[in-house]
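Working notes, structure below.
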Amino acid sequence: MAQPPEVAEDPLLTSFEDTIRRNDRIEPRDWMPDAYRRTLVRQVAQHAHSEIIGMQPEGHWIGRAPSLRRKAILLAKVQDEAGHGLYLYSACETLGVARADLMRKLIDGRQKYSSIFNYPALTYADVGTIGWLVDGAAICNQVPLCRTSYGPYGRAMIRICKEESFHQRQGYELLATMMRGTDEQRAMVQESVDRFWWPSLMMFGPPDAESPNTAQSMAWNIKRNTNDDLRQRFVDMTVPQAEALGVTPPDPDLRWNEERGSYDFGEPDWAEFKAVLRGDGPRNAQRLAHRRRAWEEGAWVRDAAMAFARRGPRPEEDGR
Ligand code: BYC
């Protein structure tokens, strides 16, 4: 007769908890609690979807770049995001889920992607601002995730972070070039920062007091910092960069707090954040429709690749 699951799972649970306590990694073949697995699938899938959906606002500008140099930089950056999505889908697959299933859940709205990509990129300055603020926020969030407890996720993060720092620098360099340009260019940069500042702060998730997942995810070393801690770290890192650029974040409450050794800042509009998560952001419908079309139109490519893999190579096709 089968033993009750609690008794059978006890030594496994103890070993899992010891691994977490030692700050070691959990690997795909290790036993893990179902809730740990579910939390990881949720976060890693959301992260992968963000990378792929995040290609859209900037991808729009590849054919409209103002010079060959800018086009080459943007092309490389957007291709990197595709690569990040692929590393992360692979990491998610090691948890026992199929990639096609994840894609179906994204397209059906059953899995989320980052709120930030529901805002439009309206000008070329937005390419710079996305690099500087959005990739900057992503770095703040992702550097600690290099030490996340799940091995494949942490290792994917190490590579992703290296590429993200190039992304952030290219964005800053684009904005710095525009700020040295005409009054019109400087106004474009400021207008872009005005639109992206608050949505970038929302990328870190709801305030800690309203974050249902943080406590358990931190106990499991999936998350290494709370949402509010990372948001503060981002503001502290970014404000001096804004000063160096000559732009003003659109926050009247932003000021240095000598006592805390940090910046005080205003509260993002959490009602707007919730609306974007519900699907009511400026570009939610468009982003999902685009992804759905790409998935459906790419079906023949996936089918052909699978048929080719099943058939295997033939000697006469070796052209060497
Ligand atoms: N947007 O309990 P909480 C990039 C959801 S892409 C949407 O705090 P958690 C780039 C959250 O999922 C990088 N949803 O959750 C690409 C949860 O929902 P459910 C993207 C959000 O997971 C292209 C609920 O709200 N980075 O860099 O403990 C071009 C409650 O939240 C958001 C990542 O994905 C949001 N902003 O913490 C350029 C980082 N925030 O599922 C750049 C990896 C929260 O319970 N993810 N929600 O219904 C994480 O670090 C964590 O998942 C979060 C949220 C900090 C985002």
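The values are calculated or read from the model by the stated rules, or taken from the named source; none is laboratory data. Given the structure is predicted, the values throughout are model-derived calculations rather than measurements. Backbone-built Cβ (ideal geometry, glycine too); neighbour counts: all protein chains shown. Side chains included, ligands, DNA and RNA excluded: accessible areas come from the protein's heavy atoms. Shrake-Rupley method; radii C 1.70, N 1.55, O 1.52, S 1.80 Å.
Would you tally the residues in the range 237-249 being surrounded by fewer than 16 Cβ atoms within 10 Å (Cβ to Cβ), over 18 Å from Q142 (Cβ atoms) and not polar (S, T, N, Q)?
4
Tell me, yes or no, whether the range 41-48 has at least one residue that is at pLDDT 95 or above and open to solvent by 50 Å² or more (accessible area, probe 1.4 Å).
Yes - at least one qualifying residue is present in the range 41-48.
Assess whether D80 counts as being at pLDDT 95 or above, surrounded by fewer than 16 Cβ atoms within 10 Å (Cβ to Cβ) and of a type in the set (D, E, K, R).
no
Which of the following residues is of a type in the set (D, E) and closer than 13 Å to A125 by Cβ: E210, E163, E184?
E184
Only one of (1) crowded, with 23+ Cβ neighbours inside 10 Å; (2) at pLDDT 95 or above; (3) assigned to a helix (DSSP H, G or I); (4) within 12 Å of the ligand (Cβ to nearest atom) is not met by V193, so which one is it?
(4)
Failed condition for Y113, given (1) within 16 Å of the ligand (Cβ to nearest atom); (2) more than 27 Å from S165 (Cβ to Cβ); (3) open to solvent by less than 70 Å² (accessible area, probe 1.4 Å), with all others met?
Only one criterion in (1) within 16 Å of the ligand (Cβ to nearest atom); (2) more than 27 Å from S165 (Cβ to Cβ); (3) open to solvent by less than 70 Å² (accessible area, probe 1.4 Å) is unmet by Y113, namely (2).
Do you know which residues across the range 84-99 are touching a residue at least 40 places away in the same chain (Cβ under 8 Å) and more than 17 Å from I53 (Cβ to Cβ)?
Selection gives S90, A91, T94, L95, G96, V97.
Which condition does D126 not pass, out of (1) near the ligand (Cβ under 9 Å from one of its atoms); (2) buried (at least 24 other Cβ atoms within 10 Å of the Cβ); (3) of a type in the set (D, E, K, R), if it passes all the others?
(1)
Can you name every residue in the range 215-236 that is open to solvent by 10 Å² or more (accessible area, probe 1.4 Å) and of a type in the set (S, T, Y)?
The answer is T226, and nothing else.
Given the criteria touching a helix residue (DSSP H, G or I) at 6+ places or on another chain (Cβ under 9 Å), among the aliphatic types (A, V, I, L, M) and open to solvent by less than 30 Å² (accessible area, probe 1.4 Å), does M203 qualify?
It is false that M203 is touching a helix residue (DSSP H, G or I) at 6+ places or on another chain (Cβ under 9 Å), among the aliphatic types (A, V, I, L, M) and open to solvent by less than 30 Å² (accessible area, probe 1.4 Å).
Applying the selection to the range 129-175, what residues are buried (at least 20 other Cβ atoms within 10 Å of the Cβ) and of a type in the set (F, W, Y)?
W132, Y150, Y153, Y172
Suppose we keep only residues that are outside any helix (DSSP H, G or I) and surrounded by fewer than 17 Cβ atoms within 10 Å (Cβ to Cβ) within the range 54-77. Which one would you say is nearest to the ligand (Cβ to nearest atom)?
H60
D228 is checked against (1) part of a helix (DSSP H, G or I); (2) touching a Ser or Thr at 6+ places or on another chain (Cβ under 9 Å); (3) away from the ligand (no atom under 12 Å from the Cβ) and fails just one. What number does that condition carry?
Failed condition: (3).
Return yes when D108 is away from the ligand (no atom under 11 Å from the Cβ), open to solvent by 30 Å² or more (accessible area, probe 1.4 Å) and closer than 27 Å to M202 by Cβ and no when it is not.
yes
So which residues in the range 93-104 are at negative phi and open to solvent by 60 Å² or more (accessible area, probe 1.4 Å)?
Scanning the range 93-104 gives E93, R99, D101, R104.
Of (1) within 13 Å of the ligand (Cβ to nearest atom); (2) more than 22 Å from T214 (Cα to Cα); (3) part of a helix (DSSP H, G or I); (4) among the aliphatic types (A, V, I, L, M), M103 satisfies all except one. Which?
(1)
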